[in-house]
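Participant: Got a structure for you, written out below as structure tokens; questions coming shortly.
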Amino acid sequence: MMKPENEAGLAKMVMAAKGPLAVQGGATRGLTLTGEVLSTARLSGIELYEPGALTLVARAGTPVAEIEVALAEHGQRLAFEPMDHRGVAGTDGTPTIGGVVAGNISGPRRIQAGAARDFLLGVRFVDGNGVIIRNGGRVMKNVTGYDLVKLMAGSWGTLGVLSEVAFKVLPMAETQMTVMLSGLDTDRAVRAMSSALCSPFEVSGAAYDPAGRDGNPVVMLRLEGFGGSVAYRAGKIRDLMAGQGEISQTETPAQSADIWKAVRDVKAFHNRKGDVWKLSVKPSDAPGLAKRLGASDLLFDWGGGLIWALMPEGSDLRAKAGRFDGHATLVRADKDTKARLGVFQPLSAPLEEITKGLRDRFDPRGIFNTGLMQPAAGA
Amino acid sequence: MEMPTPDPDVLAQKAQLVTRLLQVLPKQAVITDEVETRAYECDALTAYRCPPMLVVLPSSTKEVSDILAICHAMGVPVVPRGAGTSLAGGALPTADCVILGVARMNRVLETDYDNRTIRVETGRTNLSVTGAVAEQDFFYAPDPSSQLACAIAGNIAMNSGGAHCLKYGVTTNNLLGVTLVLMDGTVTEIGGGHLDSGGLDLLGLICGSEGQLGVVTEATLRILRKPEGARPVLIGFDDNEVAGACVSDIIRAGVLPVAIEFMDRPCIEATEAFAHAGYPMCEALLIVEVEGSPKEIDTQLKVIKDIARGHNPVELREAKDEEEAGRIWLGRKSAFGAMGQINDYMCLDGTIPVTALPFVLRRISEMSKEYGLDVANVFHAGDGNMHPLILFDANKPGDLEQCEAFGAEVLKLCVEVGGCLTGEHGVGVEKRDLMLHQYSAADLEAQMAIKDVFDPAWLLNPAKVFPLVISQGRRAARMAAE
């Protein structure tokens, strides 16, 4: 395993590499990679944090937890609420901020605040030739040249090895509350979440657990902000939901926080047999799609726009789903299933060609995470 | 402004090109008359002008595809154009180019309130997107000052921002999908009604690529429900730097205003004379706006007013009603127009870390004395996006050049303090040659590699974004290949 201590060392190692490299941060996201491991774990530490400018710059291998602690000291947070994959992917290790960027990892607040990529202000990375490249910066508005910041977010290490990332951070909410609506089927649940998200009351989380914690399906709607405002908006949301099901709300902010941590990390699927799939869909398509999947269990987030599906091992969810506006990712399965079905949704021919072109330019020797984000061998 | 020498081979093919275009387009969509093409010789950066070889105004994605396929086959450069409101020369023609204007493609294709999206053709103006959903109390968030005129196509090309992006983000944060036509005519869909991309984030790459990677003909945009209400507060200070410090404190405090706007004395005086907004005469003025129900607004404004009081403001005025709120915004919104009444000006667009505001404002005022040109500052302070307006006299020989040199120094200063050359206007031709102050040759090579993939012959929107000296090899290769 290679563990460079600094960016220059990283560049040298990439330049000297003779074969495929498995690029990883904390290796918690459940990817199956081939090649010699190139870990960013030692490229660690916060380099700059300016609470008054809402910006944080950190080396790619910095643990997410370390960043969250530093931000919390100033009452701030990563607003996109990056999920922790360890429970659902069955991995251990330490999630890194570089991994969050590489996977564009967000959480329930993505529906309101945006994704990791929306908060990413700048990147430094080493391309396949060992050249250090910088894009973006540390300011909140920047249209100087092409946006490689977005391109690197969600590229899963296939275009370069991240060495440093810069984020916009936001103030933590003073408090939070979750309004719950029980007893709705999927159709009605998605409609209820949609009407909440179409209200002016700034719902920052809208999820639906068809099994609930006690077997009773539940819609969960989160409100965050100053105390008086949260109470006011929770009342408005309750009014809006009146007559649709049994309504309740959390008693304490901690209760509400627990609910959303469980949603964020898909706790319902931890330690359960089966493959885990993640679908990004148009929310109104979610109920119809969900019915076609034949899933053992489901969890809906992002107002229905994100479906987590627990599937019988080896089953081809994409075949069951058919064509839809969105994409499906295989998050947890054995190596053979991943190889057979492909982790990522196949792209249209023109996009596949562009993707191949970009990889050929950024990694001409084809050494970064070979096979990942490429058409499955069996396809 | 140096532009590449027109390609004589391309100019020689004009007649043949027109014939081929008329096979796929109706007659009124092809403009060859020199008087009419002159209307396209510049965008809102009027200091630089060059009439194009001809102009095409397609009405559908199919027509755009046909046009690009023909131009691609004949090796003709294409400059895409939305409404021509770029302040950076992003739609400046070359003499050997075809201007591809999407202004006739302005339909709303689908409004989907359940999923909070709208699908439009990109020639539609920014404000008319909101107009299409206002009846249901929805709006499209990015609000560049030119929103009455500017097209979504240009907003996507430049990744436009606006006054309210502190809370709602810029174009790229509100764009879910596009129909993209590649230079060879290939039509492709990226994204759609869902969130996040399936493969590489090509949508994020297209947004802000200044029309150099493809032509976006349709877009799926996020629409939001209007807040219950909004109210601005106006805070005056007798010192620029104190105003800057106040901004930083507000941001730290945990309230997230939708907008924090800043104006300095020259700007206040000019707008007051022009718009009579009732502004106090002071060194610096902040407009801070928050949203929510009346009670929520009260709570947030209390926090903001308490912070402001700690900085000894000379004026602290909260809008009592809609009318007063309108008056507070009136001055800010007419600031550019007001400055234009009294002077020629160049509008800069650098962004700096908010914490560097006091230092940068002081340096700009020192430079103003060194260059002998006045500066008025009006900008989005919450996100550090500066808009210094350098005043000059276009009729005075040497003044424009002096102004350009001053502007370049200010932008270099923005980069030095950790910021960037352009926050929302784009590079275009205007800041093209400053790119090496922000990025290394390797950084720019990586960006140019992307253009190589999307547009290998470098035909789309030539001579923008990259310094001519570093893109020369690629352009020469194209000429040699013909």
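The values are calculated or read from the model by the stated rules, or taken from the named source; none is laboratory data. Computed from a predicted model, the values in this text were never measured in an experiment. For neighbour counting, all protein chains shown are included, and Cβ atoms are generated from backbone atoms with ideal geometry for every residue, glycine included.
Participant: Answer with yes or no whether A:Glu66 is assigned by TED's automatic domain parsing to the domain that holds A:Arg110, at pLDDT below 95 and of a type outside the set (Lys, Arg). Break it down stepwise before answering.
Facilitator: Values: assigned by TED's automatic domain parsing to the domain that holds A:Arg110: yes; at pLDDT below 95: no; of a type outside the set (Lys, Arg): yes.
When the stated conditions are applied, A:Glu66 does not pass them.
Participant: While we're on this one: If B:Ala47 satisfies all but one of (1) exposed (fewer than 13 other Cβ atoms within 10 Å of the Cβ); (2) small (Gly, Ala, Ser); (3) under 24 Å from B:Gly426 (Cα atoms), what's the number of the condition it fails?
Facilitator: All conditions pass for B:Ala47, except number (1).
Participant: A:Met152: at pLDDT below 95 and crowded, with 24+ Cβ neighbours inside 10 Å, yes or no?
Facilitator: Against the criterion (at pLDDT below 95 and crowded, with 24+ Cβ neighbours inside 10 Å), A:Met152 does not qualify.
Participant: Take A:Ala257 and decide whether it is in a strand (DSSP E or B) and either among the small types (Gly, Ala, Ser) or at negative phi (or both).
Facilitator: It is false that A:Ala257 is in a strand (DSSP E or B) and either among the small types (Gly, Ala, Ser) or at negative phi (or both).
Participant: Still on this structure: Taking the stated definitions as given, is B:Glu135 farther than 27 Å from B:Gly89 by Cβ, of a type outside the set (Gly, Ala, Ser), out of contact with any helix residue (DSSP H, G or I) (no Cβ under 6 Å at 6 or more places or on another chain) and within 11 Å of another protein chain (Cβ to nearest Cβ)?
Facilitator: no
Participant: Something else about it: For the range A:343-361, does any single residue satisfy the condition of being part of a loop (DSSP other than H, G, I, E, B), touching a residue at least 24 places away in the same chain (Cβ under 8 Å) and over 29 Å from A:Phe80 (Cα atoms)? Break it down stepwise before answering.
Facilitator: The initial filter retains those residues of the range A:343-361 that are part of a loop (DSSP other than H, G, I, E, B), namely A:343-348.
Within this subset, residues satisfying the condition of being touching a residue at least 24 places away in the same chain (Cβ under 8 Å) are A:343-346.
Right, trim to over 29 Å from A:Phe80 (Cα atoms) and you get none.
No, the range A:343-361 contains no residue that is part of a loop (DSSP other than H, G, I, E, B), touching a residue at least 24 places away in the same chain (Cβ under 8 Å) and over 29 Å from A:Phe80 (Cα atoms).
Participant: Could you tell me whether any residue of the range A:276-288 is part of a loop (DSSP other than H, G, I, E, B) and not basic (Lys, Arg)?
Facilitator: Keep residues of the range A:276-288 that are part of a loop (DSSP other than H, G, I, E, B), which gives A:282.
In the following step, the residues that additionally are not basic (Lys, Arg) were identified as none.
No, that holds for no residue.
Matching residues to (1) of a type in the set (Val, Ile, Thr); (2) without any contact (Cβ under 8 Å) to a residue 40 or more places away in the chain; (3) surrounded by fewer than 16 Cβ atoms within 10 Å (Cβ to Cβ):
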{"position": "B:Ile260", "(1), (2), (3)": "yes, no, no"}
{"position": "B:Cys282", "(1), (2), (3)": "no, no, no"}
{"position": "B:Leu286", "(1), (2), (3)": "no, no, no"}
{"position": "B:Ile304", "(1), (2), (3)": "yes, no, no"}
{"position": "B:Ala319", "(1), (2), (3)": "no, no, no"}
{"position": "B:Gly340", "(1), (2), (3)": "no, yes, yes"}
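Participant: Shifting gears a bit: Search the range B:219-236 for residues being surrounded by fewer than 24 Cβ atoms within 10 Å (Cβ to Cβ) and more than 14 Å from chain A (Cβ to nearest Cβ), and hand back the single one that is farthest from B:Phe138 (Cα to Cα).
Facilitator: Among them, the one singled out is B:Gly236.
Participant: Could you tell me which residue of the range B:190-218 is farthest from B:Ala157 (Cα to Cα), considering only residues that are at the interface with chain A (Cβ under 7 Å from one of its Cβ atoms) and acidic (Asp, Glu)?
Facilitator: B:Asp196
Participant: Moving to a separate point now. Across the range B:442-466, what is the total count of residues that are at the interface with chain A (Cβ under 10 Å from one of its Cβ atoms), at negative phi and among the hydrophobic types (A, V, I, L, M, F, W, C)? Don't jump to the end; show me each part of the working.
Facilitator: Kept after step one, since they are at the interface with chain A (Cβ under 10 Å from one of its Cβ atoms), are these residues of the range B:442-466: B:442-454, B:456, B:465-466.
Cutting the leftovers down to at negative phi gives us B:442-454, B:456, B:466.
Pick out the ones that are also among the hydrophobic types (A, V, I, L, M, F, W, C) and you get B:442, B:444, B:446, B:448-450, B:453-454, B:466.
Here the count works out to 9.
Participant: So, restricting to strands (runs of 3 or more DSSP E) that lie completely within the range A:3-59, which ones have at least 2 residues that are within 14 Å of chain B (Cβ to nearest Cβ)?
Facilitator: Those strands (runs of 3 or more DSSP E) span A:46-50, A:55-59.
Participant: Is it fair to say B:Thr186 is farther than 24 Å from B:Lys431 by Cβ, in contact with a helix residue (DSSP H, G or I) (Cβ under 6 Å, 6 or more places away or on another chain) and within 12 Å of another protein chain (Cβ to nearest Cβ)?
Facilitator: yes
Participant: Return the pair list, or none, for Cβ contacts closer than 6 Å from residues in the range A:195-208 that are more than 10 Å from chain B (Cβ to nearest Cβ) to residues that are of a type in the set (D, E, K, R), at least 6 apart or on different chains.
Facilitator: A:Ser204/A:Arg109; A:Ser204/A:Arg222; A:Ser204/A:Glu224; A:Gly205/A:Arg222; A:Ala207/A:Asp301
Participant: Among the numbered criteria (1) at pLDDT 90 or above; (2) away from chain A (no Cβ under 14 Å), which single criterion is violated by B:Val360?
Facilitator: (2)
Participant: For the range B:320-346, how many residues meet the condition of being under 18 Å from the mean Cα position of the chain (by Cα) and under 28 Å from B:Arg231 (Cβ atoms)?
Facilitator: 6
Participant: Name the residues in the range A:175-193 that are within 14 Å of chain B (Cβ to nearest Cβ), of a type in the set (S, T, N, Q) and crowded, with 19+ Cβ neighbours inside 10 Å, would you?
Facilitator: If the condition is that a residue be within 14 Å of chain B (Cβ to nearest Cβ), of a type in the set (S, T, N, Q) and crowded, with 19+ Cβ neighbours inside 10 Å, then A:Gln176 is the only one that fits.
Participant: Filtering the range B:150-166 down to residues that are at pLDDT below 95 and among the small types (Gly, Ala, Ser), which residue is surrounded by the most Cβ atoms within 10 Å (Cβ to Cβ)?
Facilitator: B:Gly161
Participant: Just give me the residues in the range A:128-149 being part of a loop (DSSP other than H, G, I, E, B) and either facing another protein chain (nearest Cβ under 7 Å) or buried (at least 24 other Cβ atoms within 10 Å of the Cβ) (or both), in sequence order.
Facilitator: Of everything in the range A:128-149, those that are part of a loop (DSSP other than H, G, I, E, B) and either facing another protein chain (nearest Cβ under 7 Å) or buried (at least 24 other Cβ atoms within 10 Å of the Cβ) (or both) turn out to be A:Val131, A:Gly137, A:Arg138, A:Val139, A:Met140, A:Lys141, A:Asn142, A:Val143, A:Thr144, A:Gly145, A:Tyr146, A:Asp147.
Participant: For the condition of a type outside the set (Ser, Thr, Tyr) and away from chain A (no Cβ under 14 Å), what is the one hit in B:Arg252, B:Arg317? Walk me through how you get there before you give the answer.
Facilitator: Details: B:Arg252 fails: away from chain A (no Cβ under 14 Å).
Being of a type outside the set (Ser, Thr, Tyr) and away from chain A (no Cβ under 14 Å) holds for just one of B:Arg252, B:Arg317, which is B:Arg317.
Participant: Inspect the range B:388-410 for any residue being under 17 Å from the mean Cα position of the chain (by Cα) and either within 14 Å of chain A (Cβ to nearest Cβ) or basic (Lys, Arg) (or both) and give the result as yes or no. Explain how you work it out, then say what you get.
Facilitator: Residues of the range B:388-410 under 17 Å from the mean Cα position of the chain (by Cα): B:388-389.
Keeping just the survivors that are either within 14 Å of chain A (Cβ to nearest Cβ) or basic (Lys, Arg) (or both) gives none.
Among the residues of the range B:388-410, not one is under 17 Å from the mean Cα position of the chain (by Cα) and either within 14 Å of chain A (Cβ to nearest Cβ) or basic (Lys, Arg) (or both), which makes the answer no.
Participant: Which pairs turn up if I take residues in the range B:108-123 that are more than 12 Å from every other protein chain (Cβ to nearest Cβ) and over 15 Å from B:Asn174 (Cβ atoms) and look for partners that are in a strand (DSSP E or B) and of a type in the set (Gly, Ala, Ser) with beta carbon separation below 8 Å, at least 6 apart in sequence or on another chain?
Facilitator: Close Cβ pairs satisfying both conditions: B:Gly123/B:Gly101; B:Gly123/B:Ala151.
Participant: Moving on to the next point. Looking only at helices (runs of 4 or more DSSP H) that lie completely in the range B:424-482, which have at least 1 residues being among the acidic types (Asp, Glu) and in contact (Cβ under 8 Å) with a residue 12 or more places away in the chain? Let's see the steps before the verdict.
Facilitator: On the way: elements: B:435-438, B:441-454, B:468-481.
Counting at least 1 such residues, we get B:441-454.
Participant: Restricting the search to the range B:132-149, which residues are crowded, with 24+ Cβ neighbours inside 10 Å and under 17 Å from A:Val143 (Cα atoms)?
Facilitator: Residues satisfying the conditions are B:Pro142, B:Pro144.
Participant: So A:Ala309 ticks every box in (1) in a loop (DSSP other than H, G, I, E, B); (2) crowded, with 23+ Cβ neighbours inside 10 Å but one. Which box is left unticked?
Facilitator: A:Ala309 satisfies every listed condition except (1).
Participant: Going through the range B:170-181 one residue at a time, which ones are at the interface with chain A (Cβ under 7 Å from one of its Cβ atoms) and surrounded by fewer than 22 Cβ atoms within 10 Å (Cβ to Cβ)?
Facilitator: B:Asn173
Participant: Looking for something in a strand (DSSP E or B) and assigned by TED's automatic domain parsing to the domain that holds B:Lys167 - is there at least one such residue anywhere in the range B:286-299?
Facilitator: Taking every residue of the range B:286-299 in turn, none turns out to be in a strand (DSSP E or B) and assigned by TED's automatic domain parsing to the domain that holds B:Lys167.
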